[in-house]
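Notes follow once the structure below has been shown.
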Amino acid sequence: MVNVNGKYGLDEKDQKILKLLTEDSRLQWAEIGVSLGISSVAARRRVLNLADSGVIARFTIDINYDLIVE
């Protein structure tokens, strides 16, 4: 991840991390690492770097309110 004038250029691995987490934000470090061909420690570092830089703004959930009794 390279900072250019306050914006970040993402390499292929960072782009894949964003895609994976968009599909399932609960993925474990090891699962991300396997998908990228890197260690879980390297995957963790990359995700935290994306979060610390603000590229990942927040981790959130979607609630299906139709399934909740009021």
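Pairing each residue of region 25-53 that is more than 18 Å from Glu12 (Cβ to Cβ) with any residue that is hydroxyl-bearing (Ser, Thr, Tyr) and surrounded by fewer than 16 Cβ atoms within 10 Å (Cβ to Cβ), provided the two are 6+ apart or on different chains, yields C-beta distances under 8 Å for Ser25/Thr60; Gln28/Ser40; Trp29/Ser40; Ala30/Ser40. Residues of region 35-70 that are of a type in the set (A, V, I, L, M) and part of a helix (DSSP H, G or I): Leu36, Val41, Ala42, Ala43, Val47, Leu48, Leu50, Ala51, Leu67.
Only residues that are in a helix (DSSP H, G or I) and open to solvent by 70 Å² or more (accessible area, probe 1.4 Å): list them for region 19-34, please. Before the answer, list the steps.
First pass over region 19-34, keeping only residues in a helix (DSSP H, G or I): 19-23, 29-34.
Result: Lys19, Thr22, Glu23, Trp29, Glu31, Val34.
Going by the conditions given, is Ile68 aliphatic (A, V, I, L, M) and modelled with pLDDT under 90? It is false that Ile68 is aliphatic (A, V, I, L, M) and modelled with pLDDT under 90.
Looking across region 39-55 at every residue that is surrounded by fewer than 17 Cβ atoms within 10 Å (Cβ to Cβ) and of a type in the set (A, V, I, L, M), the one that is farthest from Lys7 (Cα to Cα) is identified as Val41. Checking each residue in region 15-41 for being of a type in the set (Lys, Arg) and under 17 Å from Val55 (Cβ atoms) picks out Lys16, Lys19.
The values are calculated or read from the model by the stated rules, or taken from the named source; none is laboratory data. Worth saying up front: this structure is predicted, and the values here are computed from it rather than measured. Neighbour counts run over all protein chains shown; Cβ positions are idealised from the backbone, glycine included. These accessible areas exclude ligands, DNA and RNA; they are computed on the full protein's heavy atoms, side chains included. Shrake-Rupley method; radii C 1.70, N 1.55, O 1.52, S 1.80 Å.
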